[in-house]
């Protein structure tokens, strides 16, 4: 199959323009819709959400969405810079001028690409943390902590990611036409290993985790876990309040390494019965095997993606159409990998509504499970508190929800829980 570089460039530019314009259109819809409903609390929430909290949520949502518009434009410009404007080609040529081609040079190319990309994203990250989040009272991160977290994250990425990156590039260079199948095995093995080591070795580098000290709540949580037939490594409280006022709870780990983690902010905001209901929701994800289904989906899509990359990496037009001149003697594996990772989101963006819809369906299933194992009214009360305290809008734009929301809007979740409570 032969495709001209001009055709590839045209397709790429059209994809980039279409996705960018669609994202901007969705953001503008969200801003207009939330602003239109800012002045009045929806009647169904009038008894539980006051006007000030509703307006704060609207203002916060509008501010974040406006910020996302800047991000969309910035990301599109960076992508054009790396590809059609020759940024990746220039970086690769610079490294080849200073060192011999081979595996070390390819590893350094990818690491340099990540470094430059991270630096380009720093201004937006800084503004989000120290201006936008600060303005609405959520930020508790100091500048020193922000810098330290960034350095720690980079160090972890180098230590953990470099061996995997080296293995994948070596397989691309040495394992023949089916290198992508072996690379997929490495990728999946790494992800499964990461699920085991992350809770014990990586997460504690960024936060402090202490056993749940509230004995009454611990007993309540343990009774719920026993009823649900679920075992974990333990219950831990994370010092999330050091960085943010947002609250959350989650399961992490895999197999015997599973653990339950509560943000300290969550425990301050919810009653014991509400914490139990939130935990029951999380257990619902395991009961319905949502985590396993997502791992299987990741396995299938990554296998397909690597197979496509295996084919594209041998097509000269794939490189030249995206602003890169491949070396005729070989050694283009890192270039192929980077170009593929940059282009793929432009295509997968169009299936994101399907992924969001699937995720929302999982959330409904977990809510229904929580209503059976704990108390639906307690879960509804917890959700309302979390929507209020996290300044989550109660009136999102339906199209924005359909395309992006991984969790159902408040009205839909509370309506389902009310129905479940009436049925029981």
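Values for this structure:
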item: Matching residues, segment 44-63, being closer than 30 Å to residue 377 by Cβ and in contact (Cβ under 8 Å) with a residue 60 or more places away in the chain; result: 44, 45, 48, 49, 53, 54, 56, 57, 58, 59, 60, 61
item: Candidates 279, 283, 192, filtered to the one that is outside any loop (DSSP other than H, G, I, E, B), over 22 Å from residue 365 (Cα atoms) and either without any contact (Cβ under 8 Å) to a residue 60 or more places away in the chain or touching a helix residue (DSSP H, G or I) at 6+ places or on another chain (Cβ under 9 Å) (or both); result: 192
item: Criterion violated by residue 208 - all others in (1) without any contact (Cβ under 8 Å) to a residue 40 or more places away in the chain; (2) under 28 Å from the mean Cα position of the chain (by Cα); (3) surrounded by 14 or more Cβ atoms within 10 Å (Cβ to Cβ) satisfied; result: (3)
item: Number of the condition not met by residue 333 [criteria: (1) within 30 Å of residue 6 (Cβ to Cβ); (2) exposed (fewer than 15 other Cβ atoms within 10 Å of the Cβ)]; result: (2)
item: Condition met for residue 19 (touching a helix residue (DSSP H, G or I) at 6+ places or on another chain (Cβ under 6 Å), assigned to a helix (DSSP H, G or I) and without any contact (Cβ under 8 Å) to a residue 40 or more places away in the chain); result: no
item: Residues within segment 227-261 that are at pLDDT below 85, assigned to a helix (DSSP H, G or I) and farther than 27 Å from residue 148 by Cβ, tallied; result: 3
item: Yes/no for residue 65 being within 29 Å of residue 411 (Cα to Cα) and touching a helix residue (DSSP H, G or I) at 6+ places or on another chain (Cβ under 7 Å); result: yes
item: Residue check, residue 334 touching a helix residue (DSSP H, G or I) at 6+ places or on another chain (Cβ under 8 Å) and within 26 Å of residue 314 (Cβ to Cβ); result: yes
item: Sole residue being on the phi < 0 side of the Ramachandran plot, in a helix (DSSP H, G or I) and touching a helix residue (DSSP H, G or I) at 6+ places or on another chain (Cβ under 7 Å), chosen from 317, 354; result: 317
item: Only listed residue being closer than 16 Å to residue 396 by Cβ, touching a residue at least 24 places away in the same chain (Cβ under 8 Å) and outside any helix (DSSP H, G or I), chosen from 3, 34, 41; result: 41
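The values are calculated or read from the model by the stated rules, or taken from the named source; none is laboratory data. All values derive from a computational prediction rather than experimental measurement. Neighbour counts are summed over all protein chains in view; Cβ atoms, including those assigned to glycine, are modelled from backbone coordinates with ideal geometry.
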